[in-house]
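The values are calculated or read from the model by the stated rules, or taken from the named source; none is laboratory data. Remember, predicted model here, so these are calculated numbers, not experimental data. Neighbour counts run over all protein chains shown; Cβ positions are idealised from the backbone, glycine included.
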Ligand code: NZQ
Ligand code: ZN
């Protein structure tokens with residue numbers, strides 16, 4: 001087990017009705033001009049917009065708005081937001097929404113502090129040294145963007161969806177009110193849970209990290225998602241279910257479970273290509289890819305990790321032969337994703353054929369390989385895409 005740095009300074013207000021009084025006072029710490037960023041309007045439908053505006057007004061702040069952030073947020077929106085920040089001399093950015101809104105806000109906050117195009121952060125290696133202070137109010141449990149310092153932005157004109165992270169973009173404060181997720185659709189709830197699970201798998205499936213404590217925490221997080229997603233699907237206003245999913249989403253990716261793992265986030269690299277070419281929901285792409293990736297990586301050198309997963313998470317009989325446990329574990333996961341959550345099982349079902357597999361394979365590896373649980377070359381990625389048809 002190698003050493004690592006743990007640094008998660010985001011302040012979290014968790015629970016119902018935490019905005020009142022706290023949002024205004026937290027925002028005021030950073031100035032008076034706030035840019036409120038949100039998506040396609042769900043925050044208005046759920047009454048959150050009015051509450052937020054009210055708090056901002058009560059705090060005596062000047063409010064500016066940028067709406068229309070797309071799922072799989074576009075660089076054009078980031079550019080627009082960064083310009084707005086400069087023009088209005090914004091002091092603090094407030095993201096209200098899901099991962100797309102929070103991600104876009106991160107690069108808006110960073111883009112406001114530089115003179116170049118924000119896309120240069122992604123393709124020209126321009127450093128992110130500074131960003132306006134960012135706060136978030138989360139409305140969808142999935143990405144963990146509320147408590148991590150990364151984000152993913154798409155440029156559909158070049159079929160690129162690229163991730164970048166920097167400590168400066170970490171939200172200073174995040175409000176996590178599970179009741180704000182009551183209106184999330186069945187489909188987005190299912191996709192969100194597939195995403196949370198994938199964030200855990202990306203760290204858990206590592207043959208080098210050896211820390212019982214972290215593995216046990218990860219298994220607990222997985223069991224939480226597996227237990228509570230069906231309950232949230234059945235009763236979208238079940239507070240316990242929504243609360244458990246929300247806190248699991250943050251802890252799946254806020255750096256805590258990472259420890260010293262040095263995995264390549266293979267499924268995410270492969271999924272970002274699907275979203276970049278076909279604009280699909282991130283969690284759906286992950287759900288389709290993950291069991292196939294697991295099948296592809298299973299061999300005598302990796303089987304012990306699958307055994308641990310199958311026995312500890314799905315309660316599979318530990319006395320069975322290791323390969324049998326591993327295969328049962330993949331079957332259990334597939335059953336959860338495709339039958340219990342009701343997500344599409346194949347790329348064909350979502351009308352993705354093999355036309356771009358070669359190009360996506362190359363791009364997923366950034367001209368090299370994905371050095372993960374099992375190192376994947378472009379041809380391996382193509383094979384995994386083919387298994388998803
Ligand atoms: O746009 P609005 O109207 O808000 O509607 C959204 C959107 O249509 C809707 N929604 C959100 N909260 C709702 C709601 N509908 C009803 N009630 C609510 N309370 O849900 C739809 C999807 O929202 P989006 O923000 O796109 O979803 P998600 O949170 O899953 O974010 C996905 C994006 O995050 C990236 C993904 O790649 C994708 O671009 N990721 C970010 C990560 C990070 N920052 O660390 C890591 C992840 O692995 C991921 O890559
Ligand atoms: Zn993800």
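Observations on the structure shown:
- Checking every residue in the range 293-301 against the condition of being within 16 Å of ligand 2 (Cβ to nearest atom), under 18 Å from the mean Cα position of the chain (by Cα) and either buried (at least 22 other Cβ atoms within 10 Å of the Cβ) or assigned to a helix (DSSP H, G or I) (or both) gives zero matches.
- Whenever a residue of the range 137-152 is on the phi < 0 side of the Ramachandran plot, its partners that are assigned to a strand (DSSP E or B) and within 6 Å of ligand 1 (Cβ to nearest atom), lying with C-beta atoms within less than 6 angstrom and at least six residues away or across chains, give the pairs 139/97.
- Within the range 350-379, the set of residues being out of contact with any strand residue (DSSP E or B) (no Cβ under 8 Å at 6 or more places or on another chain), outside any loop (DSSP other than H, G, I, E, B) and within 16 Å of residue 290 (Cβ to Cβ) comprises 350 only.
- Residue in the range 318-325 that is surrounded by fewer than 18 Cβ atoms within 10 Å (Cβ to Cβ) and within 30 Å of residue 70 (Cβ to Cβ) present: no
- Every residue from the range 212-238 that is touching a residue at least 40 places away in the same chain (Cβ under 8 Å) and surrounded by 15 or more Cβ atoms within 10 Å (Cβ to Cβ): 214, 215, 217, 219, 222, 223, 226, 229, 230, 232, 233, 236
- Flag if residue 142 is crowded, with 22+ Cβ neighbours inside 10 Å and away from ligand 1 (no atom under 16 Å from the Cβ): no
- Qualifying residue in the range 253-260 (condition: more than 14 Å from ligand 2 (Cβ to nearest atom) and in a helix (DSSP H, G or I)): no
- Taking the range 262-273 as the range and being more than 10 Å from ligand 1 (Cβ to nearest atom), closer than 21 Å to residue 211 by Cβ and surrounded by fewer than 22 Cβ atoms within 10 Å (Cβ to Cβ) as the test, the residues that pass are 262, 263, 264.
- Selection count, the range 279-292, where residues are surrounded by fewer than 24 Cβ atoms within 10 Å (Cβ to Cβ) and more than 13 Å from ligand 1 (Cβ to nearest atom): 2
- Criterion: surrounded by 15 or more Cβ atoms within 10 Å (Cβ to Cβ), over 22 Å from the mean Cα position of the chain (by Cα) and closer than 19 Å to residue 276 by Cα - qualifying residue of 362, 389: 362
- One residue stands out in the range 37-52 among those that are outside any helix (DSSP H, G or I) and either out of contact with any strand residue (DSSP E or B) (no Cβ under 6 Å at 6 or more places or on another chain) or within 16 Å of ligand 2 (Cβ to nearest atom) (or both): the one that is nearest to residue 78 (Cα to Cα), namely 40.
- Which listed residue, of 273, 219, is closer than 20 Å to residue 333 by Cβ and assigned to a helix (DSSP H, G or I): 219
- For beta carbons closer than 6 Å, sequence separation of 6+ or different chains, a first residue in the range 283-309 that is over 22 Å from residue 389 (Cβ atoms) and a second that is modelled with pLDDT of 95 or more and crowded, with 20+ Cβ neighbours inside 10 Å, the qualifying pairs are 303/326; 305/205; 306/326; 306/329; 307/325; 309/329.
- Some residue of the range 20-36 being part of a loop (DSSP other than H, G, I, E, B), closer than 21 Å to residue 180 by Cβ and at pLDDT 95 or above: no
- Residue within the range 329-341 that is within 16 Å of ligand 1 (Cβ to nearest atom), assigned to a loop (DSSP other than H, G, I, E, B) and under 25 Å from residue 143 (Cα atoms) present: yes
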